[in-house]
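*Asks:* To start, I am sharing the structure in question, which I have written as structure tokens.
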Amino acid sequence: EAGVAQSPRYKIIEKRQSVAFWCNPISGHATLYWYQQILGQGPKLLIQFQNNGVVDDSQLPKDRFSAERLKGVDSTLKIQPAKLEDSAVYLCASSLVSQETQYFGPGTRLLVL
Amino acid sequence: KQEVTQIPAALSVPEGENLVLNCSFTDSAIYNLQWFRQDPGKGLTSLLLIQSSQREQTSGRLNASLDKSSGRSTLYIAASQPGDSATYLCAPNDYKLSFGAGTTVTVRA
């Protein structure tokens, strides 16, 4: 079974630029999550989708972050404009249904200069 | 808001020793709790999921216990090996996963 795929793996941008990350969950998984992991900390949930609807985006900085999950499969997370404090690893995860085991992708490492 | 604490922050042991990793959380109204492993520069790998109704869950050399009423979980790793070196994260699930900062384990050959 293929795992969660993410791209790109690494991204370096200047502050105030925009960036987008892509995630393809495990086939058949209805729930998709985006997490932000700052160095030395545990991941923090940014947004959770159930199929293509948003379940929880309470910790998403909506003035600069946006996410969508078209057709209930792939998802993109966008940051515009980026700030220095957005430097982190962005992890995508999926689960068959909510409250079940979450499977994580390899992450995208973002550095904002 | 769920607060998760993992003690110790780092641990170094000789090969063969048993590992005990502790996790405490503030809100006991959880559905389940997951333990993950994270290797440097990698994503998270799920190790065990223990339901709120369970006291223990085992997989190979790994055993996780859960005391929901006191807000504690412990991960035991028997007969540690150098390949067990990683950061271990616990995540109680109320309506979402909340993570601690993890325990970084080094197993010396």
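*Asks:* Quick one: Karplus J couplings for the stretch A:85-100, per residue in order, coefficients 6.51, -1.76, 1.60, θ = phi - 60°, nearest Hz, x for Gly and Pro?
*Replies:* Per residue, the Karplus-derived 3J(HN,Hα) values read 6, 7, 4, 5, 9, 9, 10, 10, 9, 9, 9, 4, 9, 4, 6, 9 Hz.
*Asks:* Ok, one more. Other chains' Cβ within 10 Å of A:98-104 residues: what's the mean? Don't skip to the answer; put the middle values down first.
*Replies:* Working: counts 4, 10, 5, 5, 8, 4, 7.
Per residue, the number of nearby Cβ atoms from other chains is 6 on average.
*Asks:* Interface B/A, total buried accessible area with a 1.4 Å probe, nearest 100 Å²?
*Replies:* Values: alone 5750 and 6310 Å², together 10600 Å².
When B and A are taken together, about 1500 Å² of accessible area is lost.
*Asks:* Right, next: With N set to the number of residues, divide the alpha-carbon radius of gyration of the protein assembly as shown by 2.2 N^0.38 Å and report two decimals. Mind showing how you got there, number by number?
*Replies:* Values: Rg = 17.5 Å, N = 222, 2.2 N^0.38 = 17.1 Å.
Rounded to two decimals, the normalised Rg is 1.02.
*Asks:* Heads up, I need the accessible area for A:Ile12: 1.4 angstrom probe, whole protein in place, Å², nearest 10.
*Replies:* Taking all protein chains as shown, A:Ile12 has close to 110 Å².
*Asks:* Using modelled backbone amide H atoms (1.01 Å from N, in-plane), which distant-in-sequence or interchain residues come within less than 5 Å of B:Ala86's amide H?
*Replies:* So B:Ala86 has HN proximity to B:Val105.
*Asks:* Set the Förster distance to 22 Å, then compute FRET efficiency between B:Asn63 and A:Ile38 from the Cβ-Cβ distance, nearest 0.05.
*Replies:* Numbers: r = 31 Å, r/R0 = 1.39.
Using R0 = 22 Å, I get an efficiency of 0.10.
*Asks:* What is the pair-distance distribution P(r) of the stretch A:1-50, computed from all Cα-Cα distances in 10 Å bins starting at 0, with each bin given as a whole percent?
*Replies:* 19, 46, 31, 5
*Asks:* A further question follows. How large a share of the accessible area of the protein assembly as shown, in percent, is made up of carbon and sulfur atoms when the probe is 1.4 Å and the other protein chains stay in place? Present the calculation step by step, with values, prior to reporting the outcome.
*Replies:* Values: 5360 of 10600 Å².
It is 51 percent, rounded to a whole number.
*Asks:* Right, another one. Find me the longest stretch of chain B that has none of the exposed trypsin sites (Lys or Arg not before Pro), where exposed means in a DSSP loop (not H, G, I, E or B) with at most 11 other Cβ atoms within 10 Å. Write down the numbers at each step before the final one.
*Replies:* On the way: sites that count: B:Lys1, B:Arg55.
That gives B:56-109 as the longest site-free run.
*Asks:* Solvent-accessible area per residue for chain B at a 1.4 Å probe radius, Å²?
*Replies:* Working: 5040 Å² over 109 residues.
Accessible area per residue, chain B: 46 Å².
*Asks:* I've got another one for you. How much net charge surrounds A:Gln17 when only the other residues with a Cβ under 12 Å from the Cβ of A:Gln17 are counted, with Lys and Arg +1 and Asp and Glu -1? It would help to have the intermediate numbers written out before the result.
*Replies:* On the way: positive: A:Lys11, A:Lys15, A:Arg16, A:Arg64, A:Lys78, A:Lys83; negative: A:Glu14, A:Asp86.
So the surrounding residues net to +4.
*Asks:* Evaluate the Debye formula for the stretch B:1-62 with equal point scatterers sitting on the alpha carbons, no solvent, and hand back log10 of I(q)/I(0) at q = 0.14, 0.19 Å⁻¹, in q order, two decimals.
*Replies:* At q = 0.14, 0.19 Å⁻¹ the computed log10 ratios are -0.53, -0.98.
*Asks:* Mind checking B:18-27 for the average number of partner chain beta-carbons within 10 Å of each residue's beta-carbon?
*Replies:* Whole-number average of other-chain Cβ neighbours for B:18-27 is 0.
*Asks:* Mind ordering A:102-112, A:63-73 by average Cβ neighbours within 10 Å, highest first?
*Replies:* Numbers: A:102-112: 20.5, A:63-73: 14.5.
The peptides rank, most packed first, as A:102-112, A:63-73.
*Asks:* Using θ = phi - 60° and the Karplus form 6.51 cos²θ - 1.76 cosθ + 1.60, what ³J(HN,Hα) does each residue of the stretch B:92-101 get, whole Hz, x for Gly and Pro?
*Replies:* After applying 6.51 cos²θ - 1.76 cosθ + 1.60, I find x, 10, 7, 10, 8, 6, 10, 9, x, 7 Hz.
*Asks:* Taking amide H positions as placed in the peptide plane 1.01 Å from N, state which residues far from A:Ile47 in sequence (5 or more) or on other chains have amide H under 5 Å from it.
*Replies:* The list, which skips near neighbours in sequence, is A:Trp34.
*Asks:* What translational D, rounded to a whole number of µm²/s, comes out for the stretch A:41-113 from Stokes-Einstein when the hydrodynamic radius is the Kirkwood one over Cα pairs, at 10 °C and 1.306 mPa s?
*Replies:* 120 µm²/s
*Asks:* Another one. Can you pull the Kirkwood radius for chain B, inverse mean 1/r over Cα pairs, to one decimal in Å?
*Replies:* On the way: mean 1/r = 0.0726 Å⁻¹.
After inverting the mean inverse Cα-Cα distance, the result is 13.8 Å.
*Asks:* Sequence gap at least 6, Cα distance under 8 Å: using those rules, report the relative contact order of chain A to the nearest whole percent. If you can, show how the numbers build up before the last one.
*Replies:* Numbers: 289 pairs, mean separation 42.2, N = 113.
Contact order relative to length: 37 percent.
The values are calculated or read from the model by the stated rules, or taken from the named source; none is laboratory data. Computed from a prediction, not measured in an experiment: that's the story for all the values here. We place every Cβ from the backbone using ideal geometry, glycine too, and count neighbours over all the protein chains shown. These area figures cover heavy atoms from the full protein model, side chains too; ligands, DNA and RNA do not enter into them. Shrake-Rupley method; radii C 1.70, N 1.55, O 1.52, S 1.80 Å.
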